[in-house]
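Take a look at the structure below.
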Amino acid sequence: MQFGIGVSTHINNWDIIRYAEELGFDRAWVGDSQMIWSDCYATMALAAHHTKRIKLGTGVSITGTRIAPVTAHSIATINAIAPGRTFLGIGTGHTAMRVMGQDPMRVGEFREYLRVVRALLDGEAVDYTYNGQTREIQFLHRERGFIDIDNRIPIYVAANGPKALEATGKYGDGWITVGGEPEVVAPKMAAIQAGASKAGRTLPADFHTAFIASSCVLRPGDKLTDDRVIDETGSWVACELHFFYEVWKDNGCNDAIIPPYFRELWPEYLAHVENMSLPEEARFRQIHDGHLVYLNPAERRFITPDAIKSSALVGEPDELIEHIKRLEAGGIKELDLWPPMDCERKVLRDFAEYVMPAFR
């Protein structure tokens, strides 16, 4: 099992990546969301300069906010600073698009985007359509070292729906998800493998699987209602709550979509949304307040023990170790922690001290 971190992209947060490397973490996933964070590639460039071993990539790069050639050249530029330890995490854009009041990219466009980026990163000439005109494009001046695509950059696709999972099988070197339990992973990996077979491809043995969550290492006597536990997990739980609200709304307010651990508090959360100060068409600016950075105090009441247990990895060290071994047996190769910014060092240090040694 490998271990990584998710990074809330403040331009100075390259130092948390340096600290994670010092603690022994394997990978840093740097968030890409233009309305709430600093630029991910600028932050990765600083991190690349200040680190030697940890792998660096986007967590995840958003297809709707950059055209495919720009994404390919941006990650290849980071690879020129940190050759061979760069990866591209990529997705359709849940939060980055929704905080502009827009929908994530459609799957058909996403497949085409993946095709172009993979071909460019492989050094190929590829047909690319922009504003209705299709032209063959290819990176120039490779011998001058502006970018590095000689050291191969793997693409890890964030996907959950059937068509996106199929595209992962066709173009991806790995898959990243937020639902890493074995019963969730197995059918989705089957869909990825089916997508690979449909494309005439066999997934490589090193096909990567990563699971993003938050974590809190409990001490004897700790309770899930303790302020420390809520402080360390709350921003992640709230992020899931916001996600399910958006999906619920997109699917005609279908209550069947709401997971059991949010169901009891759902009417209260809907009332909370209705009472936001902005009008409905602008409310997206408040729904995602604090996204993976901090817990909005007004939403603290929604961080219940059931939601914490179901959304985050929480327990005493032996319990966490057993849980992670179950994830590993179910096909997950990497666990990534995304703590709130105010608790980053504490969460990472606790996990590195009490949990990671069991896997080294």
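The values are calculated or read from the model by the stated rules, or taken from the named source; none is laboratory data. Fair warning: this is a prediction, and the values are worked out from it, not measured in the lab. Cβ coordinates were reconstructed from backbone atoms using ideal geometry, including for glycine residues, and neighbour counts include every protein chain displayed.
Within the option set Asp148, Asp173, being more than 24 Å from Val247 (Cα to Cα) and either within 17 Å of the chain's Cα centre (by Cα) or without any contact (Cβ under 8 Å) to a residue 12 or more places away in the chain (or both) holds for one residue only, Asp173.
Highlighted here are the helices (runs of 4 or more DSSP H) found entirely within segment 258-360 that include at least 2 residues which are more than 17 Å from Cys216 (Cα to Cα): 260-263, 266-274, 284-287, 317-329.
When you check Tyr245 against the structure, is it over 20 Å from Asp227 (Cβ atoms) and either hydroxyl-bearing (Ser, Thr, Tyr) or in contact with an Asp or Glu (Cβ under 8 Å, 6 or more places away or on another chain) (or both), yes or no? Talk me through it step by step, then tell me what you get.
Values: over 20 Å from Asp227 (Cβ atoms): yes; either hydroxyl-bearing (Ser, Thr, Tyr) or in contact with an Asp or Glu (Cβ under 8 Å, 6 or more places away or on another chain) (or both): yes.
It is true that Tyr245 is over 20 Å from Asp227 (Cβ atoms) and either hydroxyl-bearing (Ser, Thr, Tyr) or in contact with an Asp or Glu (Cβ under 8 Å, 6 or more places away or on another chain) (or both).
Of all the listed residues (Arg285, Arg201), the sole one being basic (Lys, Arg), in contact with a helix residue (DSSP H, G or I) (Cβ under 9 Å, 6 or more places away or on another chain) and on the phi < 0 side of the Ramachandran plot is Arg201.
For segment 211-257, taking the residues that are of a type in the set (Gly, Ala, Ser) and crowded, with 23+ Cβ neighbours inside 10 Å, the one that is farthest from Arg283 (Cα to Cα) is identified as Ser215. Only one entry of Asp222, Asp231 meets the criterion of being outside any helix (DSSP H, G or I), within 24 Å of Glu299 (Cβ to Cβ) and modelled with pLDDT of 95 or more, and that entry is Asp222.
Of all residues assigned to segment 167-174, at least one qualifies as being assigned to a loop (DSSP other than H, G, I, E, B) and either assigned by TED's automatic domain parsing to the domain that holds Pro83 or out of contact with any strand residue (DSSP E or B) (no Cβ under 9 Å at 6 or more places or on another chain) (or both).
If the condition is being acidic (Asp, Glu), more than 26 Å from Pro104 (Cβ to Cβ) and touching a residue at least 24 places away in the same chain (Cβ under 8 Å), then segment 3-59 contributes Asp15, Glu21, Asp26.
Given the criteria buried (at least 24 other Cβ atoms within 10 Å of the Cβ), under 27 Å from Trp248 (Cα atoms) and free of Cβ contacts under 8 Å to residues at least 60 places away in the same chain, does Ile78 qualify?
Details: buried (at least 24 other Cβ atoms within 10 Å of the Cβ): yes; under 27 Å from Trp248 (Cα atoms): no; free of Cβ contacts under 8 Å to residues at least 60 places away in the same chain: yes.
The answer is no for Ile78.
With respect to the conditions (1) crowded, with 21+ Cβ neighbours inside 10 Å; (2) at pLDDT below 95; (3) not charged (D, E, K, R), Gly330 lacks only one, and its number is (1). Comparison of Glu124, Glu136 shows that the only residue that is at pLDDT 95 or above, charged (D, E, K, R) and in contact with a helix residue (DSSP H, G or I) (Cβ under 9 Å, 6 or more places away or on another chain) is Glu124. Only residues that are surrounded by fewer than 19 Cβ atoms within 10 Å (Cβ to Cβ) and either in a loop (DSSP other than H, G, I, E, B) or outside the structural domain of Glu112 (by TED's automatic domain parsing) (or both) were counted in segment 179-200, giving 4. Evaluating Glu124 against the criteria (1) touching a residue at least 24 places away in the same chain (Cβ under 8 Å); (2) among the charged types (D, E, K, R); (3) out of contact with any strand residue (DSSP E or B) (no Cβ under 7 Å at 6 or more places or on another chain) leaves one unmet condition, (1). For residues that are touching a strand residue (DSSP E or B) at 6+ places or on another chain (Cβ under 7 Å), more than 19 Å from Thr95 (Cβ to Cβ), part of a loop (DSSP other than H, G, I, E, B) and not acidic (Asp, Glu), tally how many sit in segment 1-50. So the answer is 2.
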